[in-house]
1. Any chance region 107-115 includes a residue that's open to solvent by 40 Å² or more (accessible area, probe 1.4 Å) and more than 19 Å from L7 (Cα to Cα)?
2. What are the residues in region 37-49 that are part of a strand (DSSP E or B) and either open to solvent by less than 30 Å² (accessible area, probe 1.4 Å) or modelled with pLDDT under 90 (or both), if any?
3. Among (1) farther than 23 Å from E141 by Cα; (2) surrounded by 16 or more Cβ atoms within 10 Å (Cβ to Cβ), where does F13 come up short?
4. Pick out the one residue from G19, G34 that is modelled with pLDDT under 95, of a type in the set (G, A, S) and open to solvent by 30 Å² or more (accessible area, probe 1.4 Å).
5. Restricting attention to region 93-119, which residues are touching a Gly at 6+ places or on another chain (Cβ under 7 Å) and of a type in the set (D, E, K, R)?
6. Quick one: which of T124, T134 is farther than 22 Å from M1 by Cβ, open to solvent by 30 Å² or more (accessible area, probe 1.4 Å) and either over 18 Å from the mean Cα position of the chain (by Cα) or among the basic types (K, R) (or both)?
7. Being among the aliphatic types (A, V, I, L, M), touching a strand residue (DSSP E or B) at 6+ places or on another chain (Cβ under 9 Å) and not in a strand (DSSP E or B) is true for just one of V125, V130, V101, V75. Which residue is that?
8. Does region 119-129 contain any residue that is at pLDDT below 95, of a type in the set (D, E) and closer than 29 Å to S48 by Cα?
Amino acid sequence: MEFEEALRKASGFMEKYKGYFLCSVFSSIKNVNGKPSDCTGEWILHFSDKRKSLDCHITDDTIRVDDAQSLGEPVELDVSSVSISPDKAIGSTGFVLKKAVTILVSLHSSPPVWTINFIKAGMTVTTFDVDAETGKITREETTSILR
């Protein structure tokens, strides 16, 4: 499922939750033959009303809402300023996709930032922050999962 479709489904469903705003978006992409396949079928959209948080799980055919916790003070995510798709954000990193087993994608902050985590078989993660408005890479870091 595409990012824009998940947003559309969630916004329609979340209308009954008055006062909640979108804080972040997350998905996991399995890497098949060096090309990211479609997302695993699920996007998780994190909403808050400053007192309580909800995770909205969106798949092709279901929507489920669970209670959640926010880390820190919730900040509203302005998706209207997002001009870079998740695919473009991944492509802008220049990372050799065949090196990654799984790709974790999240959209968060104000102004919005895509954080792309490439998890490799050698148990390392290369993380990129990509400005969601311009596509500019603002951070690149490789760390070991085993440490």
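The values are calculated or read from the model by the stated rules, or taken from the named source; none is laboratory data. Just so it is clear, the model here is predicted, and its values are computed rather than measured. Note that each Cβ is placed from the backbone with ideal geometry, even for glycine, and that neighbours are counted across all protein chains shown. To get the accessible areas, we keep the full protein, side chains included, count just its heavy atoms, and leave off ligands, DNA and RNA. Shrake-Rupley method; radii C 1.70, N 1.55, O 1.52, S 1.80 Å.
1. Taking every residue of region 107-115 in turn, none turns out to be open to solvent by 40 Å² or more (accessible area, probe 1.4 Å) and more than 19 Å from L7 (Cα to Cα).
2. S37, D38, C39, T40, G41, E42, W43, L45, H46, F47, S48
3. (2)
4. Being modelled with pLDDT under 95, of a type in the set (G, A, S) and open to solvent by 30 Å² or more (accessible area, probe 1.4 Å) holds for just one of G19, G34, which is G19.
5. Within region 93-119, just K98 meets the criteria.
6. T124
7. Working: V125 fails: not in a strand (DSSP E or B); V130 fails: not in a strand (DSSP E or B); V101 fails: not in a strand (DSSP E or B).
Going through V125, V130, V101, V75 in turn, the sole match is V75.
8. Among the residues of region 119-129, not one is at pLDDT below 95, of a type in the set (D, E) and closer than 29 Å to S48 by Cα, which makes the answer no.
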